[in-house]
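The values are calculated or read from the model by the stated rules, or taken from the named source; none is laboratory data. Given the structure is predicted, the values throughout are model-derived calculations rather than measurements. Ideal geometry is used to build each Cβ from the backbone, glycine not excepted, and the neighbour counts take in all protein chains shown. In case anyone asks, the SASA skips ligands and DNA or RNA and just uses the protein heavy atoms, side chains included. Shrake-Rupley method; radii C 1.70, N 1.55, O 1.52, S 1.80 Å.
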Amino acid sequence: MRRSRRNRASSAIRDLVQETTLTPNDFISPLFLLEGTNRKSGIASMPGVFRLSEDLMCEEIEACLKLGIKGFVIFPVVEASYKDKYASKSHDPEFFYLMSLRRIKDKFSKALIITDAAMDPYSSDGHDGVVEGGRILNDETLEILGKMALAQAATGVDMIGPSDMMDFRVSHIRNILDKNGFSETGIISYTAKYASAFYGPFRDALDSAPKFGDKKTYQMNPANSDEAVLEAELDFNEGADVLMVKPALAYLDIIQRLKNAFHIPIAAYNVSGEYSMIKAAAERGWLNAEEAMMESLLAIKRSGADIILTYFAKDAARFLKNQ
């Protein structure tokens, strides 16, 4: 008679038959870049995560590399005085974000450095696109995203991360990069980015919440699954090198659908709200932080994600190293 419990009888056999395995190679660590030097600012809604100036970010990257984490996505913290309607600082080569990206990539040539390509950190409207009369204009936004992506590629980074959800932005960026000699710069596309309640702490970190309305005319309806496959097909055909699902935990089914349908790497963004829920519950003694962290990351990997963007990257890598 078959007894399933025989394969659970000891830690040795459980490890032997384990189907899903996490390693630090699976993780990309999101980082928040401040202008200036020797600056470190906590984020109240994201315990253990900090905004860092370039010098301190280099120390953080060094520590992560020693733990086996090789990928980093860097988001700019843009002061209000720099923001305007057309996100003009996003493609100014003298702006601190672009200058820091170049120096960071020069210092860590073997690390994977990914950018964020979206208007909202730089926009006085707080939206991912150009706003006119209360509407988000798609094609006008593409022109700005193209300039932004080209300026980022010129710093030597490895991948551009368009997170805006405008139609045709992958093909627009791909064409501009190719025409300007950056055919080897990759695109990790935020393909199925849902209009989620789990982004709140991230918007606190960047002070990038929309100044009016919401993002439901361009981010996806959480009720929809087939639409994610359509978005992925479009991004795939437009030249994306990696397709991303965001958030992760509430959308494991979407990760699995994209993994089954497309034979390129699938990324999942374990977002700020998913991180903060575990941290907050652990602070209250309601659950074990390490166990919940690892179970969540295993679930994301098990669903089909090849790459996991997570604020737990450093903690998880430490946990794995000590096993």
Those GluC sites (Glu not before Pro) from segment 115-197 that are DSSP loop and have at most 15 other Cβ neighbours within 10 Å turn out to be 184
Among the DSSP beta bridges whose two residues both lie in segment 32-88, what percent are antiparallel, rounded to the nearest 5?
40 percent
Beyond a 32 Å Cα-Cα separation, which of these cross-linked pairs lie in this structure: 107/147; 147/301; 216/259; 216/279?
147/301
For the chain, modelled as a GNM with alpha-carbon contacts under 10 angstrom, which of 203, 51, 135 fluctuates the most?
135
Please compute the per residue accessible area over segment 1-139 with all protein chains in place, 1.4 Å probe, rounded to a whole number of Å².
51 Å²
Can you show me the helix-derived [θ] at 222 nm for the chain, built from DSSP H runs with n ≥ 4 at -39,500 (n - 2.57) apiece and divided by the number of residues, rounded to the nearest 500.
-11500 deg cm²/dmol
Whole-Å distance linking the alpha carbon centroid of segment 274-303 with that of segment 1-66 is 12 Å
The chain: angle of helix 289-302 to the longest principal axis, Cα-based, in degrees nearest 10:
80 degrees
Inter-part distance where segment 78-107 and segment 112-145 are each reduced to a Cα centre, Å
14 Å
Which of 85/105; 70/246; 246/314; 40/66 exceed 24 Å between C-alpha atoms? The answer is 85/105
Heavy-atom accessible area of segment 129-251 with neighbours in place, 1.4 angstrom probe: carbon+sulfur share in percent works out to 50 percent
Please compute the contact order of the chain in relative form: average sequence separation of alpha-carbon pairs under 8 Å and at least six residues apart, divided by the residue count, as a percent.
18 percent
Under 18 Å from the Cα of residue 179, which aspartates and glutamates turn up, not counting those fewer than eight places away in the same chain?
143, 158, 238, 241
Accessible area per residue of segment 148-291 at 1.4 Å probe, in Å²?
42 Å²
The chain: most fluctuating residue of 190, 269, 199 per GNM, C-alpha cutoff 10 Å:
199
Across segment 309-323, in residue order, what do the Karplus-derived ³J(HN,Hα) couplings come to in whole Hz, using 6.51 cos²θ - 1.76 cosθ + 1.60 with θ = phi - 60° and x for Gly and Pro?
7, 8, 6, 7, 3, 5, 4, 5, 5, 4, 4, 5, 5, 8, 6
